[in-house]
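S.K.: Below is the structure I would like to discuss, written out as structure tokens.
Each value in this text was obtained by applying a stated rule to the coordinates, not by laboratory testing. Worth saying up front: this structure is predicted, and the values here are computed from it rather than measured. Cβ atoms come from the backbone with ideal geometry, glycine included; neighbour counts cover every protein chain shown.
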Amino acid sequence: MTYFENINRIQYEGANSTNPLAFKFYNPEEKINGKTMEELLRFGVAYWHTLTADGSDPFGNATMIRPWNKFQGMDLAKARVEASFEFFEKINAPFFCFHDFDIAPEGTTLSETYKNLDQIVAMIKEYMSTSKTKLLWNTANAFTHPRFVHGAATSCNADVYAYAAAKVKKGLEIGKELGADNYVFWGGREGYETLLNTDMKLELDNLGRFFHMAVDYAKEIEFTGQFLIEPKPKEPTTHQYDFDVATGLAFLQKYDLQDDFKFNIEANHATLAGHTFEHELRVARINGMLGSVDANQGNPLLGWDTDEFPTDLYTTTLAMYEILKNGGLGKGGLNFDAKVRRGSFEPEDLFYSHIAGMDSFAIGLKVAQKLIDDNVLESLISERYQSYTEGIGLDIVEGNTDLHKLEAYALQLGEIKNKSGREERLKSIINQYLINVSSGVLV
Ligand code: XLS
Ligand code: NI
Ligand code: NI
């Protein structure tokens, strides 16, 4: 059966194309610094937003018109698999991602849930054998069902903890079966509402133990995917434990997990934490912890996770700058953890949204590469920190000084002179590159 009847495979047609169902900038085969755009960008489709979500929100019912909605239960799950691989093929997606809950309905018992999952996983495996689309990551949904009301690996209820552990165990088996490149932990309800009823230390210690058990099990079954933590500061809980990359890193270091994990950084979670997307990428990068990306954007006027498709070119450029400086994403990718707006309810909106996101990151990639090739930011930055390359600055960097020496040096200083940071000049240079590179003036 065909689900997207009137849509053919999306092709690259170039910047002047007026065909809404074509890529204008994302040319998968085009090489940037020796690698194809497809290899560098590693786009992924998020199953939950694209196949499973229905457009309902706290104030209104489902709006999405989806050709597979005529089915129910396991038939619906199977129809979604068929539709998903048609979509992956037509949008030319190299990867996809899912939660257990997105692909198969929960049964009345855990063993029934496993059975449902096994059937769908077998079907996905079959489709994958003839598709180029691979599994970027999977994860366990331990936040939707009422049993997770007080959390999962940080629940006050040990039975819930055990149940969540079982879901992760199954998730790792599924990841291995489908050859996932990564396994993600987003702390859905791992956080708290009020300290009045919370043993924060026990919850965090339990979370540390939980991750150690996951690492041990992955070794036991020889699952070789990269483990990723996806930070988020709030929503659904008021205080999410994995607030941002810096908080997550301190947690991993405290529990001696830093060598087994990296981060999956979501743009909208960064801005909810009061950071820019590129800040989170930078913190991860300079600590060797940049694993993968949930590519979306928030709405600056709203205080929650709106998960919009990424279209802000300034942000995609600065994000790709960090990713290129990181030497790429390794096993990670750019997963569109993004949903069409509730008003964009027709099936073809799924194509328009992915095209918008893929083109926006393709522009970001090209502009970032050009900024790096021309040494634009780095040359200004090295000039700015020039004082650390000689004299007292070099002594500081090389660890050859102490407070006595620095005091003696400071006492003989005359008036200290600083230089301008040139922020506005830099922003206008980035604008110039954005316009010139995307219009083909600078190649
Ligand atoms: C929710 C998260 C979630 C994770 C996967 O805000 O972004 O979708 O990516 O559990
Ligand atoms: Ni996400
Ligand atoms: Ni999110």
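S.K.: How long are the semi-axes of the ellipsoid equivalent to segment 86-145, from square roots of 5 times the Cα gyration tensor eigenvalues, in whole Å, largest first? Don't skip to the answer; put the middle values down first.
M.R.: Working: eigenvalues 114, 35, 13 Å².
Value: 24, 13, 8 Å, ordered largest first.
S.K.: Could you tell me which of Leu117, Met213, Ala165 has its Cα farthest along the dipole of segment 65-218 towards the positive end, charges placed at Cβ (Lys, Arg +1; Asp, Glu -1), taken about the Cα centre?
M.R.: Leu117
S.K.: What is the Cα centroid distance between segment 300-365 and segment 74-112, reported in whole angstrom?
M.R.: Taking the Cα centre of each part, segment 300-365 and segment 74-112 sit 22 Å apart.
S.K.: If you take the Cα atoms of segment 333-436, find Rg, then find the Kirkwood Rh from the mean of 1/r over all pairs, what is Rg/Rh?
M.R.: Numbers: Rg = 23.4 Å, Rh = 18.5 Å.
On the Cα set of segment 333-436, Rg over Rh gives 1.26.
S.K.: Further question: Dipole of the chain (Lys/Arg Cβ +1, Asp/Glu Cβ -1, origin at the Cα centre): which of Ser379, Ser428, Asn19 lies farthest to the positive side?
M.R.: Selected residue: Asn19.
S.K.: Size of the dipole of segment 134-178 about the Cα centre, Lys and Arg at +1 and Asp and Glu at -1 on the beta carbon, nothing else charged, in debye to 20? Walk me through the numbers on the way to the answer.
M.R.: On the way: 6 positive and 3 negative charges, 23 e Å.
Result for segment 134-178 is approximately 100 debye, rounded to the nearest 20.
S.K.: In units of 2.2 N^0.38 Å, what is the alpha-carbon radius of gyration of segment 159-246? Intermediate values should be presented prior to the final figure.
M.R.: Details: Rg = 13.9 Å, N = 88, 2.2 N^0.38 = 12.1 Å.
Here the answer is 1.15, to two decimals.
S.K.: Further, regarding this structure: So how compact is segment 44-103: Cα radius of gyration and Dmax in angstrom?
M.R.: 11.8, 35
S.K.: Mind sorting Thr224, Thr139 by how few other Cβ atoms lie within 10 Å of their own Cβ, fewest first? Walk me through the intermediate numbers first.
M.R.: Values: Thr224 13, Thr139 27.
Ordered from fewest to most neighbouring Cβ atoms within 10 Å, Thr224, Thr139 come out as Thr224, Thr139.
S.K.: Stokes-Einstein diffusion coefficient for segment 243-359 at 10 °C in a medium of 1.306 mPa s, Rh from the Kirkwood formula over Cα pairs: what value in µm²/s? All intermediate terms of the calculation are to be shown ahead of the outcome.
M.R.: Numbers: Rh = 14.8 Å.
Answer, rounded: 107 µm²/s.
S.K.: Moving on. What aspartates and glutamates does Lys325 reach when the alpha-carbon gap must be under 19 Å and sequence neighbours fewer than 8 apart in one chain are set aside?
M.R.: Glu38, Glu39, Glu266, Glu278, Glu280, Asp294, Asp373, Asp374, Glu378, Glu383
S.K.: Moving on to the next point. I'd like the distance separating the alpha-carbon centroids of segment 18-45 and segment 116-186, in whole Å.
M.R.: That distance is 29 Å.
S.K.: Could you pull out every whole DSSP H run in the chain that spans at least 30 Å of Cα extent along its own axis and averages -0.5 or higher on the Kyte-Doolittle scale? Walk me through the numbers on the way to the answer.
M.R.: Values: long enough: 200-221 (32 Å, -0.07); 347-373 (40 Å, 0.30).
Long hydrophobic helices here: 200-221, 347-373.
S.K.: Given the pairs Lys370/Lys419; Lys232/Lys427; Lys170/Lys339; Lys90/Lys176; Lys201/Lys232, which are separated by over 23 angstrom at their Cα positions?
M.R.: Values: Lys370/Lys419 27 Å; Lys232/Lys427 28 Å; Lys170/Lys339 27 Å; Lys90/Lys176 26 Å; Lys201/Lys232 19 Å.
Correct reply: Lys370/Lys419; Lys232/Lys427; Lys170/Lys339; Lys90/Lys176.
S.K.: Using a simple charge model, +1 on the beta-carbon of Lys and Arg, -1 on the beta-carbon of Asp and Glu, nothing else, what dipole does segment 270-382 show about its Cα centre, in debye to the nearest 20?
M.R.: Values: 9 positive and 16 negative charges, 56 e Å.
That gives segment 270-382 a dipole magnitude of about 260 debye.
S.K.: Same structure again: Farthest toward the dipole's positive end in segment 400-443, which of Gln412, Asn400, Ser438, given Cβ charges of +1 (Lys, Arg) and -1 (Asp, Glu) about the Cα centre?
M.R.: Selected residue: Ser438.
S.K.: Quickly rank 250-256, 381-387 as a protection proxy: mean count of other C-beta atoms within 10 Å, highest first. Working shown, then result.
M.R.: Details: 250-256: 15.1, 381-387: 11.4.
Top to bottom by mean Cβ count within 10 Å: 250-256, 381-387.
S.K.: To two decimal places, what compactness ratio does segment 54-155 give when its Cα radius of gyration is scaled by 2.2 N^0.38 Å?
M.R.: Numbers: Rg = 15.0 Å, N = 102, 2.2 N^0.38 = 12.8 Å.
Relative to the rule-of-thumb radius for its length, segment 54-155 sits at 1.18.
S.K.: Something else: Report, in deg cm²/dmol and to the nearest 500, the calculated mean residue ellipticity at 222 nm for the chain, where each DSSP H run with n ≥ 4 adds -39500 (n - 2.57) and the sum is divided by the residue count. Spell out each step's value before the answer.
M.R.: Working: 15 runs with 196 residues, N = 443.
Using -39500 (n - 2.57) per qualifying helix, the result is -14000 deg cm²/dmol.
S.K.: Any idea what % of Cα-Cα pairs in the chain are farther than 37 Å? Please report the intermediate quantities before stating the final value.
M.R.: On the way: 28696 of 97903 pairs.
Tail of P(r) above 37 Å: 29 percent of Cα pairs.
S.K.: Which percent, to the nearest 5, of DSSP beta bridges fully inside the chain are antiparallel?
M.R.: Working: 6 of 35 bridges.
For the chain, the DSSP antiparallel bridge percentage is about 15.
S.K.: Taking the Cα centre of the chain as origin, work out the dipole magnitude from +1 charges on Lys and Arg Cβ and -1 charges on Asp and Glu Cβ, in debye rounded to 20. List each step's numbers first, then the result.
M.R.: Details: 43 positive and 63 negative charges, 96 e Å.
Result for the chain is approximately 460 debye, rounded to the nearest 20.
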